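Structure record follows, encoded as structure tokens.
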Amino acid sequence: MRVANLLGRSVLVSGAKALDIENASGGRFSSEPQAAYERWAELLEWAATFDVVEHPGSVTFDEASLFAPVPRPRQVFAVGLNYASHASESKLDVPENPLVFTKFPSSLTGPVTEVRLTGDRVDWEAELVVVIGAGGRDIPRAAGWDAVAGLTVGQDISDRTVQNWGNPPQFNLGKSGQGFSPIGPAIVSLDELTRSHDRNSLRITCHVVDTPGAERRSLQDGNTADLMFPIPDLVARLSAIVELYPGDLIFTGTPAGVGLGRDPQEFLVAGQTLITEIEGLGSLTQTIVS
Ligand code: ZN
């Protein structure tokens, strides 16, 4: 099952087809996109009874019409330095406990957007994003995956100047500019993903197109198998301190290749297009504007 947010309504998607969840279920499920994660298991069961593409209510859609599949999470966690390769390029030690900050929910957007630069040190971070389903407190590591509804693609766009204000620095504001948290295109349920992929090992890439029509240039090429705190571990460690709610998000960290870690350093400039992709989950496209 793939759940998306088409112009503010909760839909199931398959290929280029979308099916309105409220209409197709005769009102059993809400059109409100955030509501899907409260009843994820029920929704999964219902969605398994038909084929989205064959359903008479399905319509063709364009990914540019999708909003954030999780528009109003109660909590957004983001994990810094969760790939050894990125810790090393950042010249920082691998942390003993996950380094956790937030991206304020007002920064969330859909998969195809324009991002306005807030300065001359705005950077990219391709990330796998977890959506919490059942949630709870004190979830054991062995049950970590059971708390997860699905996965999606995210960008943790970061204004490095704001991120490093002060001593010690605080990350939250530098990570929360308008449009700095694109996610999508859809939330892919674990059962759908694991039919074709290993949920513990997904290739994650980020490319840039410098000018319209130019070749893609590779910026990041990693694999989620290299997460130092894998998803069940993050669920266990976070839920030991805070309650996880349905629809909460966890940005799991970025592999090597961000602009800050390059020699010479490189940051986003107006006119570029950033493409973030995770196998089995889809891609994001951000056009950078000044
Ligand atoms: Zn990040």
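The values are calculated or read from the model by the stated rules, or taken from the named source; none is laboratory data. On a predicted model such as this, the values are computed, not experimentally measured, just so you know. A quick note on method: Cβ atoms are made from the backbone with ideal geometry, for glycine too, and the neighbour counts reach across all protein chains shown. Ligands, DNA and RNA are stripped out before the accessible areas are found, and what is left, the full protein with its side chains, is counted by its heavy atoms. Shrake-Rupley method; radii C 1.70, N 1.55, O 1.52, S 1.80 Å.
Observations
- Multiplying the residue separation of ALA225 and THR287 by 0.36 nm and subtracting their alpha-carbon distance yields 19.4 nm.
- Per-residue Karplus couplings for region 168-177, computed as 6.51 cos²θ - 1.76 cosθ + 1.60 with θ equal to phi - 60°, are listed in order as x, x, 10, 7, 4, 5, x, 9, 10, x Hz, Gly and Pro entered as x.
- Amide H to amide H, with H built 1.01 Å from N, LEU219 comes under 5 Å of CYS206, HIS207, VAL208, counting only residues 5 or more places away or on other chains.
- If only the Cβ of Lys and Arg carry +1 and only the Cβ of Asp and Glu carry -1, the dipole of the chain around its Cα centre is close to 420 debye.
- For the chain, the relative contact order works out to 25 percent when only alpha carbon pairs closer than 8 Å and six or more residues apart are counted.
- Compared with the alpha-carbon gap, the fully stretched path from ALA41 to GLU96 is longer by 16.4 nm at 0.36 nm per residue.
- Charge dipole of region 1-110 (Cα centre as origin; +1 on each Lys and Arg Cβ, -1 on each Asp and Glu Cβ, all else neutral): 260 debye, rounded to the nearest 20.
- DSSP beta bridges fully contained in the chain are about 85 percent antiparallel.
- If the segment from ALA240 to ASN164 were pulled out straight at 0.36 nm per residue, it would be longer than the present Cα-Cα gap by 24.5 nm.
- Counting only protein chain heavy atoms and rolling a 1.4 Å probe, the accessible areas of VAL53, VAL11 rank, largest first, as VAL53, VAL11.
- Seen through its C-alpha gyration tensor, with square-root eigenvalues sorted a ≥ b ≥ c, region 2-66 comes out oblate because a/c lies at 1.5 or above while a/b is not bigger than b/c.
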